[in-house]
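Trainee: Let me begin by handing over the structure; questions about it come next.
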Amino acid sequence: MRACGRHGHVTYAPDEEALRNRLRAETALGEAWRCLRCGDFTLGPPRGAGPAGDAPVVLRGRALRDAAVLRLIAVFRWAKAVLVIVGAYGVWRFRAHHDAVRRAFDQDLPLVRPLAHKLGWNLDQSGVVHTLRTALGARTTTLTWIFLALLALAALLLTEGVGLWLLKRWGEYFSVIVTSAFIPVEIYEIAEKVSPFRIVILLINIAAVLYIALSKRLFGLRGGRPAYEAERHEASLLEVEQAGLAMAGRDHGPTRPTGRP
């Protein structure tokens, strides 16, 4: 039999007596319970108890695939949060030296103008120069608000990543709501200037929203929460039944308990 290793044993005591008796055994070292993940008996009390339909679902098959997708999205959100935090730090540093940078820009731009003219570059109509002037013309209070807004965005992304990584239902709702809120902004940015990167990011976010909302039956989709709970209970009951009947035809007693007295 294979051990659970670093994943840890998943033991559960169902209220149903027939299933409970299949999963429990008495040994010279005390009671032992069959692990729902690997099928081995492990010493000690069960980690959970209740109706068989409320047993923990072992991550394998479809459940494992869904968990992998959600955690991949979580990693993507965390990576985006890191970029936002770096941007916030840059705004804060720029805010601290705002006046000095603006004075340097105003003093040095006339010196570059003759060279730019020879190269055929009209600085007065340059989009880059216009963007720099707009940023440098911003007030210190405006930069402070931008800094705080970036920190708030990073906090949203970090929270979303935590909820998805832990496979929490609130995290799924949080992710769909937050991601959907930014989709109109991304569409507006593409309308302003089309770029392959922006299009890819938009498609990824739309796909993430649809996948989470449909697969997890959020907001009443595909039967909503009642259908989700029924599906979960069926999967939980199946885990218990499979564990209880795993070796019914091979042995009539417990396998050697894992763990130490």
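Trainee: Does segment 152-185 hold any residues that are over 21 Å from ILE201 (Cβ atoms) and either aliphatic (A, V, I, L, M) or in contact with a His (Cβ under 7 Å, 6 or more places away or on another chain) (or both), and which are they?
Mentor: If we filter segment 152-185 for residues that are over 21 Å from ILE201 (Cβ atoms), which is where we start, we get 162, 166-170, 173.
Of everything in segment 152-185, those that are over 21 Å from ILE201 (Cβ atoms) and either aliphatic (A, V, I, L, M) or in contact with a His (Cβ under 7 Å, 6 or more places away or on another chain) (or both) turn out to be VAL162, LEU166, LEU167.
Trainee: Are there any pairs, at least 6 apart or on different chains, whose C-beta atoms fall under 8 Å, with the first in segment 64-89 and within 10 Å of LEU151 (Cα to Cα) and the second β-branched (Val, Ile, Thr), and if so, which?
Mentor: As it stands, the answer is none, since no pair meets every condition given.
Trainee: Something else about it: Which condition does HIS9 not pass, out of (1) modelled with pLDDT of 80 or more; (2) part of a loop (DSSP other than H, G, I, E, B); (3) not hydrophobic (A, V, I, L, M, F, W, C), if it passes all the others?
Mentor: (1)
Trainee: Which one of the conditions (1) at negative phi; (2) of a type outside the set (A, V, I, L, M); (3) modelled with pLDDT under 90 does ARG222 fail to meet, given that it meets all the rest?
Mentor: Answer for ARG222: the failing condition is (1).
Trainee: Now, a different point. Being in a loop (DSSP other than H, G, I, E, B) and either small (Gly, Ala, Ser) or open to solvent by 20 Å² or more (accessible area, probe 1.4 Å) (or both) is the filter here; which residues of segment 19-48 pass it?
Mentor: First, the residues of segment 19-48 that are in a loop (DSSP other than H, G, I, E, B): 28-29, 35-40, 44-47.
Result: ALA28, LEU29, ARG37, GLY39, GLY44, PRO45, PRO46, ARG47.
The values are calculated or read from the model by the stated rules, or taken from the named source; none is laboratory data. Because the structure is predicted, anything quoted here is derived from the model rather than measured. Glycine gets a Cβ as well: all are built from the backbone with ideal geometry, and neighbour counts include every protein chain shown. Surface areas here come from the heavy atoms of the whole protein model, side chains and all, with no ligands, DNA or RNA. Shrake-Rupley method; radii C 1.70, N 1.55, O 1.52, S 1.80 Å.
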